[in-house]
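Visitor: Right, I'll just put the structure down here and ask away after.
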Amino acid sequence: MNNGRYLMLLLLAASLLLGGCASLNREDCLQTDFRQLGLQDGKKGQLPERLDYYAHSCSEFGVNIDKLAYREGYEEGLVSYCNASNALRLGSSGADYVPVCPVEKESEFFNHYMQGLKSFCSADYGFNSGKNGQLKNKNCQLGSFRTYDESYQRGYGLYLINARKMAIKENLLSLDNDLKKLDPAAVDFHQQKTKLQREQTFLQQEYQALITREVALTYPEKYSAANE
């Protein structure tokens with residue numbers, strides 16, 4: 001695992017830890033079976049630092065939790081989480097990768113996760129994400145998925161083109177209204193009319209160029225063949 005990818009995983013793990021903890025009240029601290037809670041957290045692939053959060057929360061109520069019981073349950077839960085089939089399932093669904101598995105299992109788990117993620121980060125998914133103006137999927141940036149990256153750029157290009165086309169339509173409508181408002185009796189009538197018409201022509205030419213670019217991005221193979 002390269003350093004860049006490892007750093008990304010650490011940042012991801014930190015965000016999951018900060019955003020995924022449910023608060024505990026006094027009753028929870030007194031009544032919770034912490035071995036069972038550890039088991040559930042392990043099966044879900046939660047970060048082990050959750051135990052520190054539970055301990056801190058309960059200490060505010062003067063309650064000391066059973067950390068040993070939690071760790072025992074957590075390790076048992078990881079056995080269910082850290083297997084090849086689960087890694088493949090998580091990757092295929094685009095779920096976040098969380099580095100919680102034991103060292104001896106981490107490499108195999110990660111490889112199966114990436115195998116599943118490769119199917120998730122498809123060309124169609126990348127294209128549609130870009131076309132809808134969505135940010136790149138952070139998980140799809142864990143691997144070198146060339147078809148996803150290229151398709152995303154193509155889709156995002158279409159998104160930008162559509163945004164520009166809408167802006168041009170609004171500008172053309174505004175120019176048309178300005179032309180209608182011109183006073184033929186004004187001294188600079190012809191000068192103003194020529195200026196507005198020139199702007200219209202420029203925008204219309206840009207719009208047609210955008211359509212050509214839009215076709216090239218939507219049907220790259222056909223466009224390339226037609227221009228050879």
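The values are calculated or read from the model by the stated rules, or taken from the named source; none is laboratory data. The structure presented is a predicted model; accordingly, all values stated were derived computationally and were not measured. As a convention, Cβ positions derive from the backbone with ideal geometry for all residues, glycine included, and neighbour counts pool all protein chains shown.
Visitor: Identify, by number, the condition in (1) over 23 Å from residue 221 (Cβ atoms); (2) in contact with a Ser or Thr (Cβ under 9 Å, 6 or more places away or on another chain) that residue 130 doesn't meet.
Guide: Condition not satisfied by residue 130: (1).
Visitor: Would you confirm whether any residue within the range 175-190 is outside any loop (DSSP other than H, G, I, E, B) and touching a residue at least 40 places away in the same chain (Cβ under 8 Å)?
Guide: We begin by selecting, within the range 175-190, every residue outside any loop (DSSP other than H, G, I, E, B); these are 175-181, 189-190.
Remaining after also requiring touching a residue at least 40 places away in the same chain (Cβ under 8 Å): none.
Among the residues of the range 175-190, not one is outside any loop (DSSP other than H, G, I, E, B) and touching a residue at least 40 places away in the same chain (Cβ under 8 Å), which makes the answer no.
Visitor: Considering only residues that are touching a helix residue (DSSP H, G or I) at 6+ places or on another chain (Cβ under 6 Å) and part of a helix (DSSP H, G or I), which ones fall in the range 51-65? Quick ask: steps written out before the conclusion?
Guide: First, the residues of the range 51-65 that are touching a helix residue (DSSP H, G or I) at 6+ places or on another chain (Cβ under 6 Å): 51, 58, 61, 63, 65.
Scanning the range 51-65 gives 51, 58.
Visitor: Is it the case, given these coordinates, that residue 78 is among the aliphatic types (A, V, I, L, M), surrounded by fewer than 16 Cβ atoms within 10 Å (Cβ to Cβ) and either in the same structural domain as residue 23 (by TED's automatic domain parsing) or on the phi < 0 side of the Ramachandran plot (or both)? Give the derivation first.
Guide: Values: among the aliphatic types (A, V, I, L, M): yes; surrounded by fewer than 16 Cβ atoms within 10 Å (Cβ to Cβ): no; either in the same structural domain as residue 23 (by TED's automatic domain parsing) or on the phi < 0 side of the Ramachandran plot (or both): yes.
Judged against the criteria, residue 78 is not a match.
Visitor: Right, another one. Does residue 104 satisfy the condition of being assigned by TED's automatic domain parsing to the domain that holds residue 76, among the acidic types (Asp, Glu) and part of a helix (DSSP H, G or I)? Give the derivation first.
Guide: Values: assigned by TED's automatic domain parsing to the domain that holds residue 76: yes; among the acidic types (Asp, Glu): yes; part of a helix (DSSP H, G or I): yes.
Taking the combined requirement at face value, the residue satisfies it.
Visitor: Quick one: count up the residues across the range 66-101 that are outside any helix (DSSP H, G or I) and not hydrophobic (A, V, I, L, M, F, W, C).
Guide: Qualifying residue count, the range 66-101: 7.
Visitor: Please tell me if residue 57 is in contact with a Ser or Thr (Cβ under 7 Å, 6 or more places away or on another chain) and not assigned by TED's automatic domain parsing to the domain that holds residue 220.
Guide: yes
Visitor: Look at residue 200 and say whether it is assigned to a helix (DSSP H, G or I), loosely packed, with under 11 Cβ neighbours inside 10 Å and either in contact (Cβ under 8 Å) with a residue 24 or more places away in the chain or out of contact with any strand residue (DSSP E or B) (no Cβ under 9 Å at 6 or more places or on another chain) (or both). Step through it out loud before you land on a result.
Guide: On the way: assigned to a helix (DSSP H, G or I): yes; loosely packed, with under 11 Cβ neighbours inside 10 Å: no; either in contact (Cβ under 8 Å) with a residue 24 or more places away in the chain or out of contact with any strand residue (DSSP E or B) (no Cβ under 9 Å at 6 or more places or on another chain) (or both): yes.
Taking the combined requirement at face value, the residue does not satisfy it.
Visitor: To continue, here is another question. Tell me the residue from 157, 130 that is crowded, with 16+ Cβ neighbours inside 10 Å, in contact (Cβ under 8 Å) with a residue 40 or more places away in the chain and part of a helix (DSSP H, G or I), please.
Guide: Working: 130 fails: in contact (Cβ under 8 Å) with a residue 40 or more places away in the chain.
The conditions single out 157.
Visitor: For residue 144, which of the numbered conditions (1) at pLDDT below 95; (2) closer than 30 Å to residue 113 by Cα; (3) surrounded by 15 or more Cβ atoms within 10 Å (Cβ to Cβ) fails to hold?
Guide: Answer for residue 144: the failing condition is (3).
Visitor: For the range 169-197, how many residues meet the condition of being loosely packed, with under 12 Cβ neighbours inside 10 Å and within 30 Å of residue 126 (Cα to Cα)?
Guide: Final tally of qualifying residues: 1.
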